[in-house]
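Take a look at the structure below.
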Amino acid sequence: MGRTVVVLGGGISGLAASYHLSRAPCPPKVVLVEGSERLGGWIRSVRGPNGAIFELGPRGIRPAGALGARTLLLVSELGLDSEVLPVRGDHPAAQNRFLYVGGALHALPTGLSPSLTLKVASLAMDSLCRGVFAGNSRELSIRSCFPSLFQAEQTHRSVLLGLLLGAGRTPQPDSALIRQALAERWSQWSLRGGLEMLPQALETHLTSRGVSVLRGQPVCGLSLQAEGRWKVSLRDSSLEADHVISAIPASVLSELLPAEAAPLARALSAITAVSVAVVNLQYQGAHLPVQGFGHLVPSSEDPGVLGIVYDSVAFPEQDGSPPGLRVTVMLGGSWLQTLEASGCVLSQELFQQRAQEAAATQLGLKELPSHCLVHLHKNCIPQYTLGHWQKLESARQFLAAHRLPLTLAGASYEGVAVNDCIESGRQAAVSVLGTEPNG
């Protein structure tokens, strides 16, 4: 009998892990277990009544660096090249990002009035932590949240200098799509039918490779059998596994572990996450005051609005017919945390009203939207708070010391971006296989 690997979580990390396992020369038997009825995790694209595409989660993927190149390689392997919508380097969405400060939009990094320059470093860091992690810059670990910044500072002693000089290069895969992205200096890319096309293509590929995909099967517990195999308890059945790759949130995994793994559970339970409300708005006949990717909002300006993405600027192909201006308002921060803690009802109307006010105040979009989608993503962004890397280290040490056949993957650990999650899945597969998978 060959080995059985059970992958927990059908988000992009679990899908990537299953994909790379299935492509090994002698693949193990792979079972992918997902608690909900759909795969793709936070990546979810919805079509509006006029055919417009609304992203409820990530809306564009960066092609930069080795990880960006690896994701493009995956896109090509899945046959999705013709579906790619790139944002080229000379495009306004690539060149212009804004900060909403003092009731006005300021282009970054130029265009800041001298009176703002002193504040800009802390405002930019505050906004970056809110924009990427929906978190508080004073509580987050720069080492864990922005490893390239941390490396740059260690190497060059200056964050800004580090960014200018670059933080070292890692070997990059090569393909026609990767070469095109480099030549045209893409800043990001999406897929014609929305980013959810990626997990959908992965699922089709996995099924063709004989991977068992179980949906609607939340894991209830993990226990170790006498011979060192796992018993994975599901709602109405159980699985035996020689190895488990966990691509579910760290805090969820911590509650499934057996008593003998209590120290590991403690380390994992300390990795918390915050919620974000995503409000997609579409306006007919409206125009933006500026052209760019979007703007971030520092907490001092608004404790609830993290930023607004100008979706139509980057991907007009997804505006539908007749085309309408699409923007996405991200709500979160201390405002949402206070609301959640207070136990009051978090209604769709509350988020919609808050988002429409932000679009009206910050972008001058005063008319009513023709279409609106509101989604509250509970605990969707892990927080790499101070000491995060020590938690990871103690988890690693426990797994190694006890030789547990468990590998951790996903956004809880070393990066929340789509590229990071795909890479964590790939690395999990590599560590289980003991070799690099290939086609």
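The values are calculated or read from the model by the stated rules, or taken from the named source; none is laboratory data. Just so we're clear, the structure is a prediction, and the values are computed from it rather than from any experiment. Cβ: placed from backbone, ideal geometry, glycine included. Neighbour counts: every protein chain shown. Please note that ligands, DNA and RNA were not included when accessible areas were found on the heavy atoms of the full protein model with its side chains. Shrake-Rupley method; radii C 1.70, N 1.55, O 1.52, S 1.80 Å.
Points worth noting:
- Residue selected from region 242-259 under the condition of a type in the set (A, V, I, L, M) and open to solvent by 50 Å² or more (accessible area, probe 1.4 Å), by the criterion farthest from LEU350 (Cα to Cα): ALA259
- GLY292 being open to solvent by less than 10 Å² (accessible area, probe 1.4 Å), modelled with pLDDT of 95 or more, in a loop (DSSP other than H, G, I, E, B) and not β-branched (Val, Ile, Thr): yes
- Only one entry of VAL329, VAL432 meets the criterion of being free of Cβ contacts under 8 Å to residues at least 60 places away in the same chain and either more than 26 Å from ALA286 (Cβ to Cβ) or out of contact with any Ser or Thr (no Cβ under 8 Å at 6 or more places or on another chain) (or both), and that entry is VAL329.
- Filter result for SER299 (within 23 Å of GLU414 (Cα to Cα), in contact with a helix residue (DSSP H, G or I) (Cβ under 8 Å, 6 or more places away or on another chain) and at pLDDT below 95): no
- Options ALA270, ALA262; residue that is hydrophobic (A, V, I, L, M, F, W, C), under 30 Å from PRO405 (Cα atoms), open to solvent by 20 Å² or more (accessible area, probe 1.4 Å) and over 24 Å from the mean Cα position of the chain (by Cα): ALA262
- Top-ranked residue in region 249-283 [being of a type in the set (Gly, Ala, Ser) and in contact with a Phe, Trp or Tyr (Cβ under 9 Å, 6 or more places away or on another chain); ranked as nearest to SER321 (Cα to Cα)]: ALA277
- Filtered by the rule that a residue be touching a Lys or Arg at 6+ places or on another chain (Cβ under 8 Å) and over 26 Å from ASN136 (Cβ atoms), region 229-276 gives SER238, LEU239, GLU240, ALA241, ASP242, HIS243.
- Pairs linking a residue in region 126-150 that is within 17 Å of ILE271 (Cα to Cα) to a residue that is open to solvent by 40 Å² or more (accessible area, probe 1.4 Å) and modelled with pLDDT under 75, with Cβ atoms under 7 Å and 6 or more positions apart or on different chains, are SER137/MET125; ILE142/PHE150; ARG143/PHE150.
- Of all the criteria given as (1) farther than 30 Å from GLY48 by Cβ; (2) assigned to a loop (DSSP other than H, G, I, E, B), the one not satisfied by SER321 is (1).
- Residue within region 315-328 that is under 21 Å from the mean Cα position of the chain (by Cα), hydroxyl-bearing (Ser, Thr, Tyr) and under 19 Å from ILE248 (Cα atoms) present: no
- Of the residues making up region 16-45, those that are open to solvent by less than 40 Å² (accessible area, probe 1.4 Å), in a loop (DSSP other than H, G, I, E, B) and over 30 Å from HIS375 (Cβ atoms) are ARG23, ALA24, PRO28.
Residues checked against (1) outside any helix (DSSP H, G or I); (2) surrounded by fewer than 17 Cβ atoms within 10 Å (Cβ to Cβ); (3) among the aromatic types (Phe, Trp, Tyr):
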residue: LEU336; (1), (2), (3): no, no, no
residue: LEU350; (1), (2), (3): no, yes, no
residue: ALA358; (1), (2), (3): no, no, no
residue: PRO369; (1), (2), (3): yes, no, no
residue: HIS375; (1), (2), (3): yes, no, no
residue: TRP389; (1), (2), (3): no, yes, yes
residue: GLU393; (1), (2), (3): no, yes, no
residue: ALA411; (1), (2), (3): yes, no, no
residue: GLU423; (1), (2), (3): no, no, no
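- Meets criteria (at pLDDT 75 or above and either under 24 Å from TYR310 (Cα atoms) or hydroxyl-bearing (Ser, Thr, Tyr) (or both)) for ALA134: no
- Residue in region 70-86 that is open to solvent by 40 Å² or more (accessible area, probe 1.4 Å), in contact (Cβ under 8 Å) with a residue 12 or more places away in the chain and among the small types (Gly, Ala, Ser) present: yes
- Filter result for ARG97 (closer than 22 Å to PHE133 by Cβ, crowded, with 17+ Cβ neighbours inside 10 Å and basic (Lys, Arg)): yes
- For first residues located in region 246-262 and among the β-branched types (Val, Ile, Thr), partners that are open to solvent by less than 20 Å² (accessible area, probe 1.4 Å) and assigned to a helix (DSSP H, G or I) and lie 6+ apart or on another chain with Cβ distances below 8 Å form the pairs ILE248/GLY14.
- Cβ pairs under 7 Å, 6+ apart, first in region 298-315 and under 16 Å from LEU365 (Cβ atoms) and part of a loop (DSSP other than H, G, I, E, B), second open to solvent by 10 Å² or more (accessible area, probe 1.4 Å) and of a type in the set (A, V, I, L, M): TYR310/LEU288
- Only one of the listed residues (SER208, SER223) is open to solvent by 30 Å² or more (accessible area, probe 1.4 Å), out of contact with any helix residue (DSSP H, G or I) (no Cβ under 8 Å at 6 or more places or on another chain), of a type in the set (Ser, Thr, Tyr) and more than 30 Å from ALA66 (Cα to Cα). That residue is SER223.
- Meets criteria (of a type in the set (Val, Ile, Thr) and at pLDDT below 95) for THR435: yes
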